[in-house]
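Everything on this sheet refers to the single structure shown next.
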Amino acid sequence: MNLENLVEQFRANGFVVARGLFEADLLQDVTAEVERVVDEVVASGGYDRMYFDDETEASSGRTASAVRCVFRMQDLSDFLRNLLDSPTLNDLARTLLGDEPVADGIQYIDKPPGSSYEFPYHQDNAYMFFEPPLALVATLALDGQPAESGPISCLRGSHVLEILPHAPSGVLGASRGLVGPPDTATYPEIAVEVEAGDVLVHHANVIHRTGPNRTDGHRRNLGFIYHGTAAAQDLQAHAAYERQVTW
Ligand SMILES: O=C(O)CCC(=O)C(=O)O
C-alpha cells in the first residue's frame, strides 16, 4: 500500500480505496464478531440504534439477516471498540486527515439480498457539523461488492463543495438527503466496487449515495468514523440533530 498515492487520490477525488487492508484472518475475526453482535442485539430486541430492512413487517420473527443498520457498534463490543482505536485504522485516518484522528463511532450497514432501499445523495457533514470539514468515514467491506450490489457511489471531486441544502430523506438509516440533484457533469459518479477486506475512505463533504442490492448475497459494510483534532463540532446543531433522529 503506497500511502503517498492514497493521500494524492483522497485529496483529488474525496475518496480512495485501501485495497486488501484487512487480510483474510483479521477479516474473518471481524466478520464473526459483527455477526455475533448483530445476533445478540436482535435477540435482545432492546437496542434503539438498530433498524430492520422492512420496518413495516411484524417485529416477531425478525432475524439478524433482515437488519439494515446498527449504529454505535463500539458500545456493543470491546473487540470492535479496539478496532476503532487500532493502529491500522488510526494510521490510515491520520495520514488522510493530515491531523491526529479522534474516533467518533462505528456504523454497520447491510443490504440484504434483493434489498431495494437506496441511500439518497448526501454529504456526511450535513449531520456531523465539523468546521473545518476535517472528517472521514473508513468503510470496511465485509463482502465483495460489484456494482449491482449497491456499493457506495461517490461524486468524484465533490468534497471541495460546501454543504448543500439537505432535508430529511424518509429512508431509515439515512437521515438526510440532498434537496436538489447534484452536478454529476462536474463531479462524475463512481460506483466504488470493492472486495471483502478493502477499505473505502470518503471525505465528510463528498457527495455519495447507495443503490439497491440486485444480487442474492448480503452487502455488509462496517464504517469507522473519525475527525481531526483541528475540527470543531457545532455541538448545539449536533445535539438537535441527535434528538431529531432518536425521536
Ligand atoms: O455503507 C453504506 O451503505 C452507506 C454508507 C454511507 O452512506 C455513509 O457512510 O455515509
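When V194 is tested against the conditions (1) under 18 Å from the mean Cα position of the chain (by Cα); (2) more than 19 Å from K111 (Cα to Cα); (3) among the hydrophobic types (A, V, I, L, M, F, W, C), the lone failure is (2). If only residues of segment 98-114 that are under 17 Å from L142 (Cα atoms) and crowded, with 17+ Cβ neighbours inside 10 Å are counted, the one that is modelled with the lowest pLDDT is P112.
For the residues R36, R49, R81, the requirement of being charged (D, E, K, R) and under 19 Å from A196 (Cβ atoms) singles out R36.
Residue under question is L134, and the condition is that it be more than 14 Å from the ligand (Cβ to nearest atom), modelled with pLDDT of 95 or more and among the hydrophobic types (A, V, I, L, M, F, W, C); does it hold? Yes, satisfied. Scanning segment 71-87 for residues that are touching a Lys or Arg at 6+ places or on another chain (Cβ under 8 Å) and among the basic types (K, R) returns a single hit, R72.
Of R68, R62, R11, all but one fail to be of a type in the set (K, R), out of contact with any Asp or Glu (no Cβ under 7 Å at 6 or more places or on another chain) and either assigned to a strand (DSSP E or B) or at pLDDT below 95 (or both); the exception is R62.
In segment 157-181, which residues are among the β-branched types (V, I, T) and either within 14 Å of the ligand (Cβ to nearest atom) or more than 11 Å from Y121 (Cα to Cα) (or both)? The answer is V160, I163, V171. Just one of the listed residues (T88, T56, T139, T95) is at pLDDT below 95 and either assigned to a strand (DSSP E or B) or surrounded by fewer than 19 Cβ atoms within 10 Å (Cβ to Cβ) (or both), namely T56. Residues in segment 219-239 that are within 16 Å of the ligand (Cβ to nearest atom) and assigned to a helix (DSSP H, G or I): H238 only. Residue count for segment 129-154 under the criterion of being under 27 Å from T229 (Cα atoms) and touching a Leu at 6+ places or on another chain (Cβ under 9 Å): the result is 11. Annotation: D216 fulfils all but one of (1) surrounded by fewer than 20 Cβ atoms within 10 Å (Cβ to Cβ); (2) within 11 Å of the ligand (Cβ to nearest atom); (3) within 28 Å of T63 (Cβ to Cβ); the unmet one is (2).
Looking for something crowded, with 16+ Cβ neighbours inside 10 Å, out of contact with any strand residue (DSSP E or B) (no Cβ under 9 Å at 6 or more places or on another chain) and touching a residue at least 12 places away in the same chain (Cβ under 8 Å) - is there at least one such residue anywhere in segment 162-180? Yes: segment 162-180 contains one or more residues that are crowded, with 16+ Cβ neighbours inside 10 Å, out of contact with any strand residue (DSSP E or B) (no Cβ under 9 Å at 6 or more places or on another chain) and touching a residue at least 12 places away in the same chain (Cβ under 8 Å).
Restricting attention to segment 14-48, the residues being at pLDDT 85 or above and either touching a His at 6+ places or on another chain (Cβ under 6 Å) or not aliphatic (A, V, I, L, M) (or both) number 16. Would you mind telling me which numbered condition in (1) in a loop (DSSP other than H, G, I, E, B); (2) within 11 Å of the ligand (Cβ to nearest atom) T184 fails? Of (1) in a loop (DSSP other than H, G, I, E, B); (2) within 11 Å of the ligand (Cβ to nearest atom), only one is false for T184: (2). Beta carbons closer than 8 Å, at least 6 apart along the sequence or on distinct chains, pair a first residue in segment 120-131 that is under 17 Å from V201 (Cα atoms) and aliphatic (A, V, I, L, M) with a second that is surrounded by fewer than 23 Cβ atoms within 10 Å (Cβ to Cβ) and at pLDDT below 95 for M128/H238.
Within segment 109-127, the set of residues being assigned to a strand (DSSP E or B) and within 9 Å of the ligand (Cβ to nearest atom) comprises I109, D110, K111, F119, H122.
The values are calculated or read from the model by the stated rules, or taken from the named source; none is laboratory data. These numbers come from a predicted model, not from an experiment. Positions of Cβ are generated from backbone atoms using ideal geometry, with glycine treated the same way; all protein chains shown enter the neighbour counts.
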